[in-house]
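First the structure, in the form of C-alpha cells, and then the observations on it.
The values are calculated or read from the model by the stated rules, or taken from the named source; none is laboratory data. In this text the structure is predicted, and so the values were computed from the model without any measurement. Using ideal geometry, Cβ is built from the backbone for each residue, glycine included, and neighbour counts are taken over all protein chains shown. These area figures cover heavy atoms from the full protein model, side chains too; ligands, DNA and RNA do not enter into them. Shrake-Rupley method; radii C 1.70, N 1.55, O 1.52, S 1.80 Å.
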Amino acid sequence: MNIQVDLHTHTISSGHAYSTISENALAASHRGIKLLGMTDHGPSMPGAPNLYHFGNLAILPEELYGVRILPGVEANIINHDGELDMPIRYLSKMKLVLVGLHIICYPGGTTEQNTQAYIKAMENPYTDMMVHPGRPDFELDLERIAHMSAKLNIPVEINNSSLAKEKKGAWGNCRRFAQYMVQYKGPVILGSDAHFWDRVGEFSHALDLVHEVGISEQQVLNTSAERVLDYLATRRKNRPNIT
C-alpha cells in the first residue's frame with residue numbers, strides 16, 4: 001500500500017515539536033510524500049500558537065521541495081458538546097482541519113460524554129478528519145465512532161505515533177477500532193503525527209495494523225493525493241456560507 005499523503009504533522013509552532021515546515025517538507029520529499037499537512041495544535045494546547053499564526057498561514061508557499069503544503073490545524077475538542085478551540089472565521093480559512101481529544105484541553109467524562117463530544121465534533125461542517133481515537137486517555141465507544149465515520153463520510157485516523165512503543169495501551173484500542181472500520185467501511189487516513197522531521201511519512205506501525213485487520217486500499221484515503229484533494233474540495237462546497 002503506497003501512502004502518498006501525510007496530513008498530520010507538527011512544526012516548532014506547536015511548542016512541543018522540533019522541526020520547521022521546511023525541514024518537514026524536505027523529509028517528506030525524500031520519502032515520496034506528495035501532499036503534506038501542516039497541522040499545528042489549536043490555541044488551547046499549552047505552547048501552541050495563538051490565532052495570529054493561523055491567520056497568517058496564507059503567506060506560506062503552496063509547494064516546498066516538490067511537496068504540496070496544506071496549512072491547517074489540529075483543533076482541540078474543549079467540552080462535552082464537541083466545541084472546538086478555534087472560531088469559525090479561522091476554521092473556514094484552513095485548508096485542512098483535523099480534530100481530536102487531548103488531556104490538557106478536554107475535561108474528560110464518562111464513555112457516553114466522551115463519545116458524544118467526539119461525534120458532535122465529527123458533525124461539525126468545518127471538521128475535515130478526526131484523529132487518534134485509539135489513544136487510551138479517554139474511554140470511547142469505538143464502534144459508534146466507526147459507524148458514524150461511515151454514515152457521515154468523515155475519515156478517522158489510524159495514528160502511527162499512538163502505536164509506537166512509548167505509547168502504552170493504545171494497540172488494543174487501535175486494533176478494535178480498525179476492526180470496526182473494516183465492518184462499517186468508513187474512510188480511513190493514516191497519520192504520522194510527526195513532531196520531528198525524521199517521523200514525517202512514517203506509517204510502519206499503522207500499515208502493520210491495516211494489513212493485520214484487512215482494511216482495504218480503497219478505504220484508505222491518503223493512498224492518493226488526488227483523492228484527498230477531491231475530498232477536501234467536496235467538504236468545502238458543503239459548508240455554510242460565512243457572511
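Computed from backbone phi with θ = phi - 60° and the Karplus coefficients 6.51, -1.76 and 1.60, the 3J(HN,Hα) list for region 225-232 is 4, 5, 4, 5, 5, 5, 4, 5 Hz; x is used for glycine and proline. For region 119-213, relative contact order (Cα pairs under 8 Å, six or more residues apart, normalised by length) works out to 30 percent.
Which whole-number percentage describes the relative contact order of the chain, with Cα contacts under 8 Å and a sequence gap of 6 or more? List each step's numbers first, then the result.
Numbers: 518 pairs, mean separation 50.4, N = 243.
Result for the chain is 21 percent.
Entry note, the chain: the mean residue ellipticity at 222 nm calculated from DSSP H runs of n ≥ 4, each adding -39500 (n - 2.57), is -10000 deg cm²/dmol after division by the residues and rounding to the nearest 500.
If DNA, RNA and ligands are ignored and the probe is 1.4 Å, what is the ranking of PHE138, PHE54, PHE196 by accessible area, most exposed first?
Numbers: PHE138 25, PHE54 5, PHE196 80 Å².
Heavy-atom accessible area, descending, gives PHE196, PHE138, PHE54.
Across LYS151, LYS185, LYS95, mean-square fluctuation computed from a Gaussian network of the chain (C-alpha pairs under 10 Å connected) peaks at LYS151. Bridges between two residues of the chain, per DSSP, are antiparallel at a rate of about 10%.
If you average 1/r over every pair of different alpha-carbon atoms in region 146-217 and take one over that average, what Kirkwood value in Å do you get? Roughly 12.4 Å, rounded to one decimal.
Applying both filters, DSSP loop and at most 15 other Cβ atoms within 10 Å, to the GluC sites (Glu not before Pro) of region 142-243 gives GLU166.
Rolling a 1.4 Å probe over the protein chains gives TYR65 an accessible area of about 130 Å².
The mean sequence separation of alpha-carbon pairs under 8 Å and at least six residues apart, normalised by the residue count of region 56-109, gives a relative contact order of 37 percent. Only protein heavy atoms count here; on that basis, with a 1.4 Å probe, ILE88 has an accessible area of about 80 Å². Running Debye on region 110-185 with equal point scatterers at the Cα sites and no solvent, what base-10 log of I(q)/I(0) appears at q = 0.18, 0.19, 0.24 Å⁻¹? With no solvent term, the Cα-only Debye profile gives -0.67, -0.74, -1.15.
Using the Cα atoms as the points, what is the convex hull volume per residue of the chain in Å³? Display every interim value, and only then the final one.
Details: hull volume 26.9 nm³, N = 243.
Normalising the Cα hull of the chain by residue number yields 111 Å³.
Label zone (ASP81, point 7 Å along Cα-to-C-beta; backbone nitrogen cut-off 13 Å) within region 137-155: none. Sequence-ordered 3J(HN,Hα) estimates for region 173-186 from the Karplus curve with 6.51, -1.76 and 1.60 and θ = phi - 60° stand at 4, 5, 5, 4, 5, 4, 5, 5, 5, 5, 5, 9, 6, x Hz, glycine and proline given as x.
Along its principal axes, region 45-93 has C-alpha extents of 41, 22, 18 angstrom, given from the largest down.
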